[in-house]
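Taking it in order: structure first as structure tokens, then the write-up.
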Amino acid sequence: MREAAQSGAEMTPQELVRTFYETVVSQHRLEDLPRFVGEDCVLRQGGVDRPLGPGGMALHLAALRETYPDYRVRILRQHWAAPYVVSECVMEGTQLGPWPGPVPTGKRLTFTGVNIDRVEGGKIVEHGGAVNTFETLWEAGIIRPTNFAF
């Protein structure tokens, strides 16, 4: 794995994003966030941009660690279309915190998803994407339909 100490400006956009997820996020190295996440970074959700920056990213990752203390991200493949890096990811962790629902299951869960990150000036300045939570939660028996009547 690449060292998080390397400056984002010294990496290709794909290397920067891969290092961010596989090292900074997976090893919970919040002190390295300012090297990878721009102060003006936004979270893009449904066409709406929400301010994030390193501070917001730190809060998000800390909350994620409460649910999945051993959370890890692995990049399967990437595509770069300047200035965006699209990454197909596998995210894994043991659910020891209360999401979804009030009771931790203790189950090791594996999610797949796609992250879309805009990289400018050697930093991530926009983050968005989608995670396939339904299939994982269904297979783990965490969610079940209560009524199929429409």
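Quick look at the numbers
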| quantity | calculated |
| --- | --- |
| Whole-number accessible area per residue in Å² for the chain, which is evaluated in the context of all protein chains at 1.4 Å | 56 |
| Helix-only mean residue ellipticity at 222 nm for the chain, each DSSP H run of n ≥ 4 adding -39500 (n - 2.57), per residue, nearest 500 | -6000 deg cm²/dmol |
| Descending principal axes extents, the chain, alpha-carbon based, whole Å | 52, 32, 27 |
| Between helix 53-67 and the chain: long-axis angle, C-alpha atoms, 0 to 90°, nearest 10 | 30 |
| Added length on full extension, which subtracts the Cα-Cα distance from 0.36 nm per residue, ARG50 to ILE143 | 30.6 nm |
| Stretch gain in nm, segment GLU15-VAL103, where the contour uses 0.36 nm per residue and the Cα spacing is subtracted | 28.0 nm |
| Full-extension gain in nm, ASP40 to ALA63, via 0.36 nm per residue minus C-alpha separation | 6.2 nm |
| Sequence of ASP117, ASP40 when ordered by accessible area, the most exposed leading, probe 1.4 angstrom | ASP40, ASP117 |
| Residue (of GLY93, ALA63, LEU33) at the positive-pole extreme of the chain, dipole from beta-carbon charges | GLY93 |
| Accessible-area value, LYS107, 1.4 Å probe, nucleic acids and ligands omitted, Å² | 80 |
| Charge dipole magnitude, Cβ of K and R +1, D and E -1 - the chain, Cα centre, debye nearest 20 | 380 |
| Charge-dipole axis of the chain as Lys and Arg at +1 and Asp and Glu at -1 on Cβ define it, positive-most pick from GLY113, PRO83, ILE124 | GLY113 |
| Cα centroid separation, the stretch 21-89 to the stretch 110-150 (Å) | 14 |
| Largest to smallest accessible area among GLU15, GLU39 [probe 1.4 Å] | GLU39, GLU15 |
| Heavy-atom accessible area ranking, 1.4 Å probe, most first, across GLU66, GLU88 | GLU66, GLU88 |
| Considering only the chain, percent of DSSP beta bridges that pair antiparallel, nearest 5 | 90 |
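The values are calculated or read from the model by the stated rules, or taken from the named source; none is laboratory data. The model shown is predicted, which means the values in this text are computed figures rather than measured ones. All Cβ positions, even for glycine, are placed from backbone atoms using ideal geometry, and neighbour counts span all protein chains on display. When the accessible area is computed, the model is the full protein with side chains, heavy atoms only, and any ligands, DNA or RNA have been set aside. Shrake-Rupley method; radii C 1.70, N 1.55, O 1.52, S 1.80 Å.
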